[in-house]
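Before any comments, here is the structure.
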Amino acid sequence: MVDERTMLIDAKPVPGDPLNENLKNRDEIGVLAIEFATRRRMKFKGKSQLKEDGIYIHAERVYALCLKYIQSREVVVGAAKPKVSHDVRRNNSLTQVQQNWIARADTFFIASFHPETGADASHRGGYPGFVRVLNEGKIISPDYSGNNMFNTLGNITANPNVGLLFIDFESGGTLQIVGRAEVVWDKDRVAEFAGAERLVEFEIEQAIEISGAVPLGWRFMEYSPFNPV
């Protein structure tokens, strides 16, 4: 922390990450800080500055969130991955490998934006398979009972443009998806997902896969006890 309202992220986006260009063009930002080992998380919303020593976040709103659906993982000391070239692959739809990646994921992150309240970043989790691939251009996920603030769903209702992030905790690769989201209330469709109160369907406009984007080594500990079965 720089002061009580300013945080410095001592890192920069890897080459090919669209965040780099976004930070140069706009200063609105939403940040989600998670300590996976303890399932503690905080959300920051405000303005950003990309500088030589990292990313400065000037918080306008800060609040803690519930710990539901966070799978417990810990950083393995000394297991950091060596620096590699960050191969970037961009497609207008999902490859079969990327579809398999999403189908086995237990965690993803979603970025949304509201014209009045700004950018927001949030977390979604469940047992592997909780996100389903409908086809190469569309995926769907359940929306479980959470903190009842409905930041993400409210943003989607006002502005359907979203960004998704899937992390391969073993290889350090990332898969970012740019597209549009729609909240699904159809009872028959919702009933196909255990514990879901509604669904969110994502139409994919671009998929960006970056190898070696996350240098940390992780060890899986346990699934969240809140994950619906």
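The values are calculated or read from the model by the stated rules, or taken from the named source; none is laboratory data. All of these numbers come straight from a predicted model, not from anything done at the bench. Please note: Cβ atoms are built from the backbone with ideal geometry, for glycine as well, and neighbour counts cover all protein chains shown. Surface areas here come from the heavy atoms of the whole protein model, side chains and all, with no ligands, DNA or RNA. Shrake-Rupley method; radii C 1.70, N 1.55, O 1.52, S 1.80 Å.
Before moving on, here are some points about what is shown:
- Selection status of residue 193, open to solvent by less than 80 Å² (accessible area, probe 1.4 Å) and over 17 Å from the mean Cα position of the chain (by Cα): yes
- Counting the residues of the range 70-91 that are modelled with pLDDT of 85 or more, open to solvent by 30 Å² or more (accessible area, probe 1.4 Å) and hydroxyl-bearing (Ser, Thr, Tyr) gives 0.
- Within the range 149-166, the residues that satisfy the criterion of being open to solvent by 40 Å² or more (accessible area, probe 1.4 Å) and either assigned to a strand (DSSP E or B) or under 28 Å from residue 220 (Cα atoms) (or both) are 161, 165.
- Within the range 125-137, not a single residue is among the hydroxyl-bearing types (Ser, Thr, Tyr), assigned to a loop (DSSP other than H, G, I, E, B), open to solvent by less than 60 Å² (accessible area, probe 1.4 Å) and out of contact with any His (no Cβ under 9 Å at 6 or more places or on another chain).
- Test result for residue 229, among the aliphatic types (A, V, I, L, M), touching a Lys or Arg at 6+ places or on another chain (Cβ under 7 Å) and either farther than 30 Å from residue 78 by Cα or free of Cβ contacts under 8 Å to residues at least 40 places away in the same chain (or both): no
- Taking the numbered list (1) open to solvent by 10 Å² or more (accessible area, probe 1.4 Å); (2) at pLDDT 95 or above in turn, residue 177 passes all entries but (1).
- For the condition of a type in the set (S, T, N, Q), closer than 19 Å to residue 175 by Cβ, modelled with pLDDT under 95 and not in a loop (DSSP other than H, G, I, E, B), residue 22 qualifies.
- Residues located in the range 157-183, provided they are polar (S, T, N, Q) and either over 12 Å from residue 204 (Cα atoms) or in contact with a Ser or Thr (Cβ under 6 Å, 6 or more places away or on another chain) (or both): 157, 159, 171, 174
- Test: residue 55 is assigned to a loop (DSSP other than H, G, I, E, B), among the hydrophobic types (A, V, I, L, M, F, W, C) and surrounded by 17 or more Cβ atoms within 10 Å (Cβ to Cβ): no
- Residue in the range 101-109 that is among the charged types (D, E, K, R), surrounded by 17 or more Cβ atoms within 10 Å (Cβ to Cβ) and within 21 Å of residue 219 (Cβ to Cβ) present: yes
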